[in-house]
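Report on the structure given below.
Each value in this text was obtained by applying a stated rule to the coordinates, not by laboratory testing. Treat the numbers as computed from the prediction; the structure is a model and nothing was measured. Note that each Cβ is placed from the backbone with ideal geometry, even for glycine, and that neighbours are counted across all protein chains shown.
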Amino acid sequence: MSLLEFRNVSFENGGNAIIDNISLSIESGDYVSVIGPSGSGKSTLLKLCSHLISPTSGSIVYKEKNFIDYDPTKLRKSIAYCFQTPYLFGDTVIENIRFPFSIRNLRIDQKRINELFTMFYIPADYLNKDVKILSGGEKQRIALIRTLLFKPEILLLDEVTSALDSENTKNVEEAIVSLNREGTTVLWVTHNLEQSRKCANKLLTIEGGKIKSLEVLR
C-alpha cells in the first residue's frame, strides 16, 4: 500500500506546465533522491507533497485519503518540508526551537533538543545565539533541527546541504539515514549525483515537469 500517491498530477503557473501529468507512488520507508536539471519541477513536486500548493489537475492521496480531505495544518505535522533557503524567525535560536512545541501546546522536551543538537554537532550554547549572526550552514542545521523535533512521517528536503561543508554534509546525511531507518520516509532533492545514490533506495529523475525515470537502487 502506498503512503503517498500522485495520480495524474499537473501543476500550471501562468499557463506553463511546471508538473505535467505525473503519477508516482511512494512507499512507507522509502528514501527517494530526486534529481533533474534546474527548473525541471523538483521543488514544485515537494511543495505539492507538503500541500503548500494544490494540483491544477489530478489528485494526491496520503494514506488512501485525498489531500483535500485533510486539515492542511495537521497534515504538515506529518509531512515536514525543509527548504533550500532556511528561514529563521525572531531574534534567537531558542525562539525557533520552542515553536514546534508551542503550536502543539506541549512542554519543551529538552532531552530531544539536546539529542538533535548533538546529532548535528551544534553546541548547546547556540540556543541563545542571535539568528542574524549565524552562517548559512548554521541556519540550515538549525532549520533542520526545528523540523525534526517531532519526527515526521514524511520528510521533504530541498538541497539542504548546499550551504554546508563536506564534514557537515556527511553529518546531515548520516542523521537522515538514521531517521529513515527509524521509519521516516524521505524525499531529498539534490544536484549532487554522488549524494543522490549514496543512501537512497530509489532515484527519481524529473525533466520538463515529467518523470524521466524511477530507478530502484536497492
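Side notes on the structure shown:
- FRET efficiency, 1/(1 + (r/R0)^6) with R0 25 Å, evaluated for ASN192 and VAL216 via beta carbons: 0.80
- Calculated FRET value between THR118 and GLU153, using beta carbons and R₀ = 30 Å, to 0.05: 0.80
- Two numbers describe the Cα atoms of the chain: Rg and Dmax, which are 17.2, 49 Å.
- Value at 222 nm in deg cm²/dmol, rounded to 500, when DSSP H runs of n ≥ 4 in the chain each add -39,500 (n - 2.57): -9500 deg cm²/dmol
- Options PRO152, ASN21, THR205, ranked by Cα towards positive dipole end of the chain, top entry (Cβ charges): PRO152
- One compactness figure for the range 118-195 is 1.09, namely its Cα radius of gyration divided by 2.2 N^0.38 Å.
- Under-5 Å amide H pairs with ILE18, H placed in peptide plane, nonlocal only: PHE11, GLU12, ASN13
- Cα-based shape type of the range 1-43, given that a ≥ b ≥ c are square roots of the gyration tensor eigenvalues and the cut on a/c is 1.5: oblate
- Highest average packing first - 115-125, 43-53, 139-149, Cβ atoms within 10 Å: 139-149, 43-53, 115-125
- Listed residue pairs exceeding 22 Å between alpha carbons, taken from LYS63/LYS151; LYS42/LYS202; LYS77/LYS202; LYS63/LYS202: LYS77/LYS202
- For the range 2-216, the residue among THR44, SER102, VAL216 whose Cα projects farthest onto the positive side of the dipole built from Cβ charges is SER102.
- SER2/SER178 FRET efficiency (R0 25 Å; Cβ-Cβ; nearest 0.05): 0.55
- Stretch gain in nm, segment SER28-ASP69, where the contour uses 0.36 nm per residue and the Cα spacing is subtracted: 12.7 nm
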